[in-house]
Amino acid sequence: MPHSGAPVTQLRQEHTANQLLEVWWMRERIERWWRLASGALHLWRQRRRGRTELSRMTDAELKDAGIDPHEAWLETRKSFWRA
């Protein structure tokens, strides 16, 4: 009895479709992770920059900005990842 190639071809197509779906899914996860990570890094850089600028302000500049010097000092003591 001759063997038909149709079921084998169909299995190959399904296997290829599953592989493509897995690749797409993995790519989506990596892209989502990268967006989250780059967003966090951007936020951390902003915090570090802002706290550095705050630490360089004089008491008179802080007073003009309406910032208590002690509160400014406490803010500058925070790590960049802390809000």
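The values are calculated or read from the model by the stated rules, or taken from the named source; none is laboratory data. A quick note: this is a predicted structure, and the numbers were derived from the prediction, not measured. Neighbour counts are summed over all protein chains in view; Cβ atoms, including those assigned to glycine, are modelled from backbone coordinates with ideal geometry.
Things worth noting here:
- Residues being in contact with a helix residue (DSSP H, G or I) (Cβ under 6 Å, 6 or more places away or on another chain) and among the β-branched types (Val, Ile, Thr) - total across segment 36-76: 1
- Condition check for residue 60: hydrophobic (A, V, I, L, M, F, W, C) and either at pLDDT 95 or above or within 18 Å of the chain's Cα centre (by Cα) (or both): yes
- Residue 12 falls short on exactly one of the conditions (1) under 30 Å from residue 68 (Cα atoms); (2) over 23 Å from the mean Cα position of the chain (by Cα), and that condition is (1).
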